[in-house]
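So the structure is just underneath, and the comments pick up after that.
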Amino acid sequence: MGESEWQHASWVSTLGKWAWIIGILNGVIGILYYVVLSIIYWWIPFYLGSQIWNIILIIIGIVISFLVIKPKFSKPCGEKDWDTLYGWVLNLGGFNIPWMLIWGILLLYFGWWSWAGYAVLIPAVMLLFVGPKPYEWTEE
C-alpha cells in the first residue's frame with residue numbers, strides 16, 4: 001500500500017493537524033479552571049500556591065504546542081508528509097526515538113487533563129505501528 005493510499009491517512013492527518021490548537025485550547029481552559037478555583041479558595045495558602053504551579057505548567061504546555069507541535073508535528077500531519085515525521089528522531093546509540101512520542105508524553109504532563117498529549121500521541125502511535133511504511137527503530 002502506498003503512502004497516499006494509507007487507509008488511516010485522513011483522520012490521522014486531521015487530528016495531527018489540529019493537535020497544536022487542541023493544546024492551546026486545552027491550556028486556556030485549564031488556566032481558566034485554576035484561576036476560578038484560586039478565587040474560590042483564596043483563603044487556603046497551600047491551595048493557592050498549588051494552583052499557581054498548575055497554571056505555570058499549563059503555560060509551558062501552551063508554549064510547547066505553539067513553538068514545537070505546530071511547526072514540527074501539525075504542519076507535516078496536515079500535509080500528510082509522513083517522511084518528515086518519520087525522520088524527526090532523537091538518535092541514541094543507533095536507536096531512533098521519535099520526537100513526536102517524546103513531545104506527546106511531555107504534553108501529557110504539561111497539559112490540562114492530558115488532551116493535548118493525546119492529540120499528538122494517537123496520530124504518532126498510528127504512524128509508528130500501522131503507518132504507511134514501517135518505522136525504522138534502528139539506524140542502519
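The values are calculated or read from the model by the stated rules, or taken from the named source; none is laboratory data. Note that this is a predicted model, so its numbers are computed, not measured. Cβ atoms come from the backbone with ideal geometry, glycine included; neighbour counts cover every protein chain shown. To get the accessible areas, we keep the full protein, side chains included, count just its heavy atoms, and leave off ligands, DNA and RNA. Shrake-Rupley method; radii C 1.70, N 1.55, O 1.52, S 1.80 Å.
All but one of (1) open to solvent by less than 40 Å² (accessible area, probe 1.4 Å); (2) within 13 Å of the chain's Cα centre (by Cα) hold for Val63, so report the exception by its number.
Of everything listed in (1) open to solvent by less than 40 Å² (accessible area, probe 1.4 Å); (2) within 13 Å of the chain's Cα centre (by Cα), Val63 misses just condition (1).
Grab the helices (runs of 4 or more DSSP H) fully contained in the stretch 72-140, keeping just those with 1 or more residues being open to solvent by 70 Å² or more (accessible area, probe 1.4 Å), closer than 20 Å to Ile21 by Cβ and touching a helix residue (DSSP H, G or I) at 6+ places or on another chain (Cβ under 9 Å).
It comes to 75-78, 99-110, 115-130.
Restricting attention to the stretch 2-13, does a residue exist that is β-branched (Val, Ile, Thr), open to solvent by 70 Å² or more (accessible area, probe 1.4 Å) and either in a helix (DSSP H, G or I) or touching a residue at least 60 places away in the same chain (Cβ under 8 Å) (or both)?
no
For the stretch 93-123, which positions are farther than 17 Å from Asn26 by Cβ and at pLDDT 95 or above?
If the condition is that a residue be farther than 17 Å from Asn26 by Cβ and at pLDDT 95 or above, then Phe95, Asn96, Ile97, Pro98, Trp99, Met100, Leu101, Ile102 are the ones that fit.
Which of the numbered conditions does Leu25 fail, given that it passes all the others? Conditions: (1) modelled with pLDDT of 95 or more; (2) farther than 11 Å from Trp112 by Cβ; (3) not small (Gly, Ala, Ser).
(2)
Could you grab me the full set of residues in the stretch 22-55 that are in contact (Cβ under 8 Å) with a residue 24 or more places away in the chain and surrounded by 15 or more Cβ atoms within 10 Å (Cβ to Cβ)? Spell out the reasoning first.
First, pick out the residues of the stretch 22-55 that are in contact (Cβ under 8 Å) with a residue 24 or more places away in the chain: 22-24, 26-31, 33-34, 54-55.
Ile22, Gly23, Ile24, Asn26, Gly27, Gly30, Ile31, Tyr33, Tyr34, Asn54, Ile55 - these are the residues of the stretch 22-55 that are in contact (Cβ under 8 Å) with a residue 24 or more places away in the chain and surrounded by 15 or more Cβ atoms within 10 Å (Cβ to Cβ).
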